[in-house]
Amino acid sequence: MSKIKVARKSTLIDMTAMSDVTVLLLTFFMLTSTFVKKEPVTVKTPGSVSEIKIPETNILQILIDPKGKVFMSLDKQSDMINTLEAVGKEYNMTFSAEEINAFKVQKTFGVPMKVLRGFLAQKADEQDRTLANYGIPNDSTDNQFKIWVKNARIKNRDLRIAIKADEKTPYKVIKNVMNSLQDLNENRYNLITALKAPSKQ
Amino acid sequence: MAQIESNDGGGKKKKGGSKQKKVSVHVDFTPMVDMNMLLITFFMLCTSLSKPQTMEINMPTNKDVDPKHQTELKASKAITVLIAGGDSIFYYEGLPNFKDYTSLKETSYKSGGLRAYLLNRNIDAVSKINELKKKKNELKISEKDFKDQVTKLRTGPTTPTVVIKATDNSTYKNLIDALDEMSICNIGVYAIVKIEKGDIYLIKNKQTKGVYSTQFAN
């Protein structure tokens, strides 16, 4: 046993300064950030020098993942209800109040009409998991995407269309979406990008 | 943990003249910092700082309003940019020349590639816009004036028009990069059109350095 006694020092650290800094950081984040919408697939948008900000309201966002699946989201719930009813009429489907409720709380939707009823009957977390596997059909034989966009436009005249696609999405998919929009005479739309400075290589 | 100690005498904080028992309160802030860290982590992960930006795009209508020969006339003065798969990009001026595969020039998305070529072609408008920018920074003209004049220059008669055609193998990023170059090189008149068989033939020819066309010759 050692005969040298080490003087015991107190291990209490004064945390006031640290909590000060963390409170400041926290306040900064709370005030300057916005909650991101829950999306079925994470999409990395390509960079662009354009500095035009995306408008906040009256937006129909078309989300295209690298595999070519198309999802849509409207920011107004009333728009969603009206569009759902209008599209249902085209396919001779009527929806009960619960189904309409289940539909309008979704942030992003995109299932073919055949499975829509079954999808709405699922619970919310199951819906989140299975949504990524669906996607609105966009082929020339069954262009449900066009019908959704057409009815969304009829129900809300001021709607603006924004396309959010991943960097690696093949042009073929984008071309189909753009052609469908052109057929509906929708010629003005926005492409959502991330900000980057022009490369100086 | 938090403690309250009472000191009968000899403490550092002495209220002048009072004979009260001095109590010093040590509050441990560690749980508070803990909570703050959790909240910060939550906000950092669930929120985004920047709002996404957009590019506005106008497409031509599908209905053929112009007679066909008018679009051909425009094509002869325009630069056609072909976006192919594998991040490769080509361009040719005016009408395509199917006999000579070197008429299709290959370029890149770097600043020395397409941008250098377009800035060169558009040198008139680019130099004028740079002068306008200087004037705006020195506050000689207003922001609105600047914007109006820039738009006029971008769509002016000396600015080349660009036709962008993309193959199915190209990615969305390629298209956005090409549209970016339009904006950086101050080209106001551009259009995204469907790629034609002739253009695909040109690309294949170029990539195989003329070997492709010999298959048809025989």
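The values are calculated or read from the model by the stated rules, or taken from the named source; none is laboratory data. No experiment lies behind these values; they were computed from the predicted model shown. Quick reminder, even Gly has a Cβ in these numbers, built from the backbone with ideal geometry, and neighbours come from all protein chains shown. Note: accessible area is taken over every heavy atom of the protein model, side chains too, but ligands, DNA and RNA are not part of it. Shrake-Rupley method; radii C 1.70, N 1.55, O 1.52, S 1.80 Å.
Just one of the numbered conditions (1) away from every other protein chain (no Cβ under 12 Å); (2) free of Cβ contacts under 8 Å to residues at least 40 places away in the same chain; (3) closer than 30 Å to residue B:182 by Cα is not true of residue A:53: (1). Among the residues of region B:154-189, those that are part of a strand (DSSP E or B) and away from chain A (no Cβ under 14 Å) comprise B:162, B:163.
Candidates in region B:198-218 are the residues that are assigned to a helix (DSSP H, G or I) and charged (D, E, K, R); of these, the one that is modelled with the lowest pLDDT is B:206.
Hey, can you tell me all the residues within region B:90-102 that are touching a residue at least 60 places away in the same chain (Cβ under 8 Å) and either closer than 16 Å to residue B:120 by Cβ or in contact with a Phe, Trp or Tyr (Cβ under 6 Å, 6 or more places away or on another chain) (or both)? Within region B:90-102, just B:92 meets the criteria. Looking across A:83, A:11, A:94, A:42, one residue alone is open to solvent by 60 Å² or more (accessible area, probe 1.4 Å) and more than 14 Å from chain B (Cβ to nearest Cβ). It is A:94. Looking only at residues in region A:168-190 that are in a loop (DSSP other than H, G, I, E, B) and over 20 Å from the mean Cα position of the chain (by Cα), the one that is nearest to residue A:158 (Cα to Cα) is A:186.
Taking the criterion of being free of Cβ contacts under 8 Å to residues at least 24 places away in the same chain and not small (Gly, Ala, Ser), the residues of region B:139-167 that qualify are B:139, B:140, B:141, B:143, B:144, B:145, B:146, B:147, B:148, B:149, B:152, B:157.
Quick grid of which residues meet (1) at pLDDT below 80; (2) among the basic types (Lys, Arg); (3) assigned to a helix (DSSP H, G or I):
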residue: A:5; (1), (2), (3): yes, yes, no
residue: A:12; (1), (2), (3): yes, no, no
residue: A:27; (1), (2), (3): no, no, yes
residue: A:55; (1), (2), (3): yes, no, no
residue: A:60; (1), (2), (3): no, no, no
residue: A:68; (1), (2), (3): no, no, no
residue: A:71; (1), (2), (3): no, no, no
residue: A:86; (1), (2), (3): no, no, yes
residue: A:99; (1), (2), (3): no, no, yes
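Going through (1) in contact (Cβ under 8 Å) with a residue 60 or more places away in the chain; (2) over 22 Å from the mean Cα position of the chain (by Cα); (3) open to solvent by 70 Å² or more (accessible area, probe 1.4 Å) one by one, residue B:135 falls short only on (1). Filtered by the rule that a residue be over 15 Å from residue A:65 (Cβ atoms), in contact with a Phe, Trp or Tyr (Cβ under 9 Å, 6 or more places away or on another chain) and at the interface with another protein chain (Cβ under 7 Å from one of its Cβ atoms), region A:166-195 gives A:178, A:191. Residue check: residue B:120 meets all listed conditions (1) within 23 Å of the chain's Cα centre (by Cα); (2) surrounded by 11 or more Cβ atoms within 10 Å (Cβ to Cβ); (3) modelled with pLDDT of 80 or more but one, namely (2). Only one entry of A:64, A:136 meets the criterion of being in contact with a strand residue (DSSP E or B) (Cβ under 7 Å, 6 or more places away or on another chain), of a type outside the set (Asp, Glu) and either modelled with pLDDT under 75 or within 24 Å of residue A:194 (Cβ to Cβ) (or both), and that entry is A:64.
Here's the yes/no breakdown for (1) of a type in the set (A, V, I, L, M, F, W, C); (2) crowded, with 18+ Cβ neighbours inside 10 Å; (3) out of contact with any Pro (no Cβ under 7 Å at 6 or more places or on another chain):
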position	(1), (2), (3)
B:130	no, no, yes
B:159	no, yes, yes
B:170	no, yes, yes
B:182	yes, yes, yes
B:186	no, yes, yes
B:193	yes, no, yes
B:202	yes, yes, no
B:207	no, no, yes
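Looking across A:157, A:153, one residue alone is among the basic types (Lys, Arg), assigned to a helix (DSSP H, G or I) and at negative phi. It is A:153. Annotation for region A:130-147: at least one member residue is assigned to a loop (DSSP other than H, G, I, E, B), under 18 Å from the mean Cα position of the chain (by Cα) and hydrophobic (A, V, I, L, M, F, W, C).
Considering only residues in region A:1-50 that are among the basic types (Lys, Arg) and without any contact (Cβ under 8 Å) to a residue 24 or more places away in the chain, the one that is nearest to residue B:54 (Cα to Cα) turns out to be A:9.
Applying the selection to region A:14-25, what residues are more than 7 Å from chain B (Cβ to nearest Cβ) and either modelled with pLDDT of 85 or more or assigned to a helix (DSSP H, G or I) (or both)? Scanning region A:14-25 gives A:17, A:20, A:21, A:24.
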